[in-house]
Structures are given as C-alpha cells and as structure tokens.
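Peer 1: The structure that follows is given in the form of structure tokens.
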Amino acid sequence: MRKFFRPREYFKPETLEEALNLLAKYGESARPIAGGTDLLVKKPPEVEYLIDIASLPLDYIKNDGEYLKIGSLSTFHSIETSSLFKEGAYRILAESAHDFGQATVKNMATIGGNVCSAVPSADFPPVLMVLDAKAKIVSLAGERIVSMEEFFAGVRKTVLRSDELLVEFQIPKPPPHTGAAFYKLGRTSVDIALVNAAARITLRSDGVCEDARIALGAVAPTPIRAKGAEKLLRKKEIDEALVEEASQTASEETKPISDVRSSAEYRKEMSKVLVKRVLQKSLKRAKGE
Ligand SMILES: Cc1cc2nc3c(=O)[nH]c(=O)nc-3n(C[C@H](O)[C@H](O)[C@H](O)COP(=O)(O)OP(=O)(O)OC[C@H]3O[C@@H](n4cnc5c(N)ncnc54)[C@H](O)[C@@H]3O)c2cc1C
C-alpha cells in the first residue's frame with residue numbers, strides 16, 4: 001500500500017538537550033524540521049515524528065577573530081543582511097544568500113537545512129567548501145567536527161546519523177589578499193541552480209597564487225571541488241590564459257546528468273563559463289581592485 005507523509009506526532013523542543021533526546025528516542029522514524037521549505041515539499045513518507053528545531057538558540061553569527069561561527073538555524077535573510085559580510089572574502093556568503101530564492105523563502109529557509117537536505121543543486125555548500133568551513137555536529141554521545149567535503153555522501157545523503165543535529169558552521173579567517181566569488185545559473189533568478197560555482201583565491205604579496213579553491217553544485221551527486229583546476233592555479237601568476245585553462249579543466253571534472261532542468265552537455269559547458277567568471281572576480285578581489 002502506498003505510504004503518505006502523515007507524521008503521527010509533532011514536537012517543539014525549547015532546548016538542544018530536549019531535541020537530542022527526542023532524536024535518540026525515535027531514531028530513523030524522526031526528522032528534524034527547521035524552515036520546512038525542503039522537508040514539507042519533499043514530504044518523506046517514512047517520517048513519523050517531526051521534531052521542530054526552530055526554537056533552539058542556533059540563529060546567530062559570531063566572529064571571534066580566528067573563526068566565523070554561524071548557527072545552523074540562521075536564515076538566508078540574516079546571512080544576506082549581516083553587517084559582517086559587507087566586504088572581504090566573507091562577502092560571498094551574503095552574495096549567495098542574495099541569489100537565493102524569493103524573499104518569503106529567504107525568511108524561512110535555514111543554512112543548516114540547505115546543507116542537510118544534500119540536494120546537489122543547493123547554493124550554500126559550494127560557498128562553504130571554498131571557505132574551508134567545518135560543520136559542528138552534536139548528539140547525546142558528544143560532538144564531532146566534519147569538513148564540508150566529508151559531509152556529503154550522495155544525493156540527499158549525508159554523514160549525519162539519525163540522532164545527530166548540525167548546530168554550527170565554523171569558517172577560519174581567510175588570509176590577507178584573498179578574494180572569493182559565487183555565481184549561480186538558474187532558469188530565472190529565483191529558480192534553483194542549473195549549475196552554481198564558487199571560488200576563492202589567495203595571492204602572495206608578489207602576486208603569485210598561494211592557494212585556490214573551486215567548488216561546483218548541480219554537476220554531480222554531491223557538490224564537488226575541482227581539484228585538478230585548483231592545482232593548475234597554485235604557485236603561478238594567474239593570467240587570462242591560465243583562467244581559461246583552469247575553467248576548461250574544472251568543466252572536465254564535472255559529472256552532470258540530464259534532467260528536466262537541463263542537459264548534461266549544457267551543464268558541462270556552463271560549468272566552464274561559471275568557473276571562469278568566479279575565478280576572474282576572485283582574482284580581482286584578491287588584488288583589491
Ligand atoms: C520556492 C523555493 C525556492 C527555493 N530556492 C532555493 C535556492 O535558490 N537555492 C537553494 O539552494 N535552495 C532553494 N530552495 C530549497 C530550500 O529552500 C533550501 O534547501 C533551504 O535552505 C532548506 O532549509 P530549511 O530550513 O527550510 O530546511 P528543512 O526543510 O527544514 O530541512 C531540510 C532537511 O534538512 C534536515 N535538517 C534541517 N536542519 C537540520 C539540522 N540543523 N541538523 C540536521 N538536519 C537538519 C531536515 O530533517 C530535512 O531533512 C528553495 C525551496 C523553495 C520551496
């Protein structure tokens with residue numbers, strides 16, 4: 001018989017401990033719900049207990065000088081409007097939030113939900129990947145820190161256990177002369193991405209590239225780093241020809257599928273275009289132009 005999404009109980013814990021106890025008690029048949037903009041659209045029929053985490057104190061943005069710490073319940077609206085993201089490499093956080101859905105969704109959708117949904121086209125994972133972000137994950141058994149690259153395990157699959165919650169993203173302070181950029185290609189500006197890409201470039205004081213990171217979404221079962229393209233850029237003086245070569249290499253590293261939104265060929269071609277744009281913009285920003 002066909003099963004429908006009809007949770008039999010809804011909980012609204014006020015503390016993290018209460019939420020973790022509920023997750024431990026109900027296991028695989030429970031699901032945390034944050035903004036609900038993914039879960040209530042997807043409506044997974046196996047969910048019997050909904051644990052609404054929206055009241056937990058996880059909507060914050062702090063900068064202790066060494067790390068930027070963002071609570072997983074921060075909405076895209078709070079990321080877009082935070083005064084901490086007006087300049088420097090962190091500004092891609094606000095820029096990607098700006099490009100995210102419509103205002104109504106931005107007010108509900110959380111960054112934790114975006115990452116935990118593990119949808120390949122999600123906008124925040126490539127941004128977090130180039131910023132070298134780590135996820136703080138907690139359960140009654142304790143806490144663990146997982147890098148964004150280790151976090152995703154497949155389409156809608158992550159390394160999270162059913163008794164765990166993602167509570168915080170930790171982003172190390174970027175070195176000086178670092179620039180970062182994000183681009184998203186969608187059918188319209190509020191549609192989910194056909195392809196998205198982020199880059200971060202750090203230059204030495206003599207202008208040579210010290211480090212480069214490139215990440216793409218919607219071109220593989222999980223968000224990916226284009227490590228071959230990154231390697232081409234490191235320890236070199238980046239010019240237009242090198243940007244072109246790195247963009248081509250990044251596109252060759254993608255493994256897109258064809259679906260209702262786009263053909264695989266188009267995604268591959270657009271990966272090249274988007275990587276070129278994010279590299280050009282990151283380079284300009286790293287030079288302070
Ligand atoms: C109209 C519309 C437009 C959209 N536009 C975009 C867009 O432009 N870009 C984009 O990337 N996405 C977009 N989305 C998808 C969705 O809004 C985002 O992925 C959103 O960030 C999900 O966050 P949420 O808080 O609503 O998650 P929820 O729906 O509450 O949860 C999503 C999943 O994550 C789990 N979860 C949530 N928080 C945690 C946590 N802290 N720890 C462990 N598990 C957790 C839930 O159990 C669930 O499985 C759009 C959706 C809609 C409906």
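Peer 1: Quick check on residue 109: is it surrounded by fewer than 17 Cβ atoms within 10 Å (Cβ to Cβ), within 13 Å of the ligand (Cβ to nearest atom) and not assigned by TED's automatic domain parsing to the domain that holds residue 188?
Peer 2: no
Peer 1: Any idea which residue in segment 249-273 is surrounded by the most Cβ atoms within 10 Å (Cβ to Cβ), counting only those that are among the aliphatic types (A, V, I, L, M) and in a helix (DSSP H, G or I)?
Peer 2: Checking each candidate, the answer is 250.
Peer 1: Looking at (1) more than 8 Å from the ligand (Cβ to nearest atom); (2) farther than 25 Å from residue 262 by Cβ; (3) aliphatic (A, V, I, L, M), find the lone condition where residue 153 falls short.
Peer 2: Here residue 153 clears every test but (2).
Peer 1: Go through the residues of segment 233-248 one by one and say whether even a single one is within 19 Å of residue 121 (Cα to Cα) and either part of a strand (DSSP E or B) or hydroxyl-bearing (Ser, Thr, Tyr) (or both).
Peer 2: The answer is no; no qualifying residue exists.
Peer 1: Has segment 217-234 got any residue that is outside the structural domain of residue 154 (by TED's automatic domain parsing) and over 27 Å from residue 152 (Cα atoms)?
Peer 2: No, every residue in segment 217-234 fails to be outside the structural domain of residue 154 (by TED's automatic domain parsing) and over 27 Å from residue 152 (Cα atoms).
Peer 1: Condition first: within 8 Å of the ligand (Cβ to nearest atom) and of a type in the set (Val, Ile, Thr). Now tell me which residues in segment 116-128 satisfy that.
Peer 2: Within segment 116-128, just 119 meets the criteria.
Peer 1: Now a separate question. Quick check on my filter: what residues within segment 228-247 are exposed (fewer than 12 other Cβ atoms within 10 Å of the Cβ) and either among the small types (Gly, Ala, Ser) or touching a residue at least 60 places away in the same chain (Cβ under 8 Å) (or both)?
Peer 2: The answer is 241, and nothing else.
A quick yes/no check of all residues on (1) farther than 28 Å from residue 289 by Cβ; (2) under 16 Å from the mean Cα position of the chain (by Cα); (3) not assigned by TED's automatic domain parsing to the domain that holds residue 187:
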| site | (1), (2), (3) |
| --- | --- |
| 15 | yes, no, yes |
| 27 | yes, no, yes |
| 39 | yes, no, yes |
| 46 | yes, no, yes |
| 66 | no, no, yes |
| 73 | yes, yes, yes |
| 83 | no, no, yes |
| 89 | no, yes, yes |
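Peer 1: Please determine, by comparing only the residues of segment 36-47 that are within 8 Å of the ligand (Cβ to nearest atom) and in a loop (DSSP other than H, G, I, E, B), which one is surrounded by the most Cβ atoms within 10 Å (Cβ to Cβ).
Peer 2: So the residue we want is 37.
Peer 1: To continue, here is another question. Can you find a residue in segment 172-184 that is within 11 Å of the ligand (Cβ to nearest atom) and buried (at least 19 other Cβ atoms within 10 Å of the Cβ)?
Peer 2: Looking for residues that are within 11 Å of the ligand (Cβ to nearest atom) and buried (at least 19 other Cβ atoms within 10 Å of the Cβ), one finds at least one in segment 172-184, hence yes.
Peer 1: While we're looking at this one, here's another question. Run down 146, 155 and say which single residue is surrounded by 13 or more Cβ atoms within 10 Å (Cβ to Cβ), in the same structural domain as residue 110 (by TED's automatic domain parsing) and at pLDDT 95 or above.
Peer 2: Answer to the selection: 146.
Peer 1: Residue 239 - would you say it is closer than 23 Å to residue 177 by Cβ and charged (D, E, K, R)?
Peer 2: In short, yes.
Peer 1: Determine which single condition residue 201 fails, assuming it passes every other condition in (1) over 20 Å from residue 92 (Cα atoms); (2) touching a residue at least 12 places away in the same chain (Cβ under 8 Å).
Peer 2: (1)
Peer 1: Kindly indicate whether residue 199 is of a type in the set (Gly, Ala, Ser), closer than 24 Å to residue 72 by Cβ, buried (at least 22 other Cβ atoms within 10 Å of the Cβ) and within 15 Å of the chain's Cα centre (by Cα).
Peer 2: So residue 199 does not fit the description; no.
The values are calculated or read from the model by the stated rules, or taken from the named source; none is laboratory data. No experiment lies behind these values; they were computed from the predicted model shown. Cβ sites come from the backbone with ideal geometry, for glycine too, and all protein chains shown count toward neighbours.
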